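The block underneath contains the structure these notes are about, expressed in structure tokens.
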């Protein structure tokens, strides 16, 4: 029988690995629109991590800022500038 | 016998440190300014999560989790306070991170404004092309 402590630390480790993969994809992706989406996935993993690490007040600030406002501001920036890293459509 | 909980916690800390490394790579070696801003937000968030992880505490028993640092009574008795101090996680990193999240948002909006100005003046967000410009 798995104990609650092991379950909680297992979920934390899984969220860490998900965020690591999402960060890797976000940094290496050449389409900036997809990079923003991967960055939002990573922020969602961090939001669950804050909740499990007993910081619910951080969660209330972090979810609107990192899942809502960061992608919105960067999408606005991509709309004003260019979409592909290293020039348009090579 | 390997300690499973310590191993899983090490996996968490390892993935956070890998995130720091990957986002530093994105800041220093990716050419696009937009990609640099995305990597900077990831770097700031990872530093915040590391601060919260430092403030977490060990479980006193496998079925007694730590509690959030919130007192739920108006006039706490000595028994309430001793239960609080033996179970609650550290509130100081949470107070610091709460401020850092908001400051990070302000810095990001400022950098977005600067990048829009660079694109209006030079017509590109590629630092390799901006470095070759004269004047």
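The values are calculated or read from the model by the stated rules, or taken from the named source; none is laboratory data. All values reported here derive from a predicted model rather than from experimental measurement. Using ideal geometry, Cβ is built from the backbone for each residue, glycine included, and neighbour counts are taken over all protein chains shown.
Of note:
- Test: residue in region A:5-20 that is surrounded by fewer than 22 Cβ atoms within 10 Å (Cβ to Cβ) and not in a helix (DSSP H, G or I): no
- Restricting B:49, B:101, B:70, B:127 to residues that are under 30 Å from residue B:6 (Cβ atoms) and in contact with a strand residue (DSSP E or B) (Cβ under 9 Å, 6 or more places away or on another chain) narrows the list to B:70.
- Matching residues, region A:21-38, being over 16 Å from residue A:85 (Cα atoms) and surrounded by 22 or more Cβ atoms within 10 Å (Cβ to Cβ): A:22, A:23
- Residues in region A:42-73 that are without any contact (Cβ under 8 Å) to a residue 40 or more places away in the chain and facing chain B (nearest Cβ under 7 Å): 17 in all.
- Residue within region B:51-65 that is at pLDDT 90 or above, at the interface with chain A (Cβ under 7 Å from one of its Cβ atoms) and in a helix (DSSP H, G or I) present: yes
- Helices (runs of 4 or more DSSP H) fully within region A:21-80 that include at least 1 residues being under 17 Å from residue B:12 (Cβ atoms): A:32-52, A:56-62.
- Of everything in region B:80-103 that is within 8 Å of another protein chain (Cβ to nearest Cβ) and part of a helix (DSSP H, G or I), the residue that is nearest to residue B:68 (Cα to Cα) is B:94.
- Checking B:77, B:72 one by one, the residue that is more than 9 Å from chain A (Cβ to nearest Cβ), free of Cβ contacts under 8 Å to residues at least 12 places away in the same chain and within 22 Å of residue A:51 (Cβ to Cβ) is B:72 and no other.
- Where residue B:110 falls short, out of the listed (1) closer than 25 Å to residue A:56 by Cβ; (2) more than 9 Å from every other protein chain (Cβ to nearest Cβ): (1)
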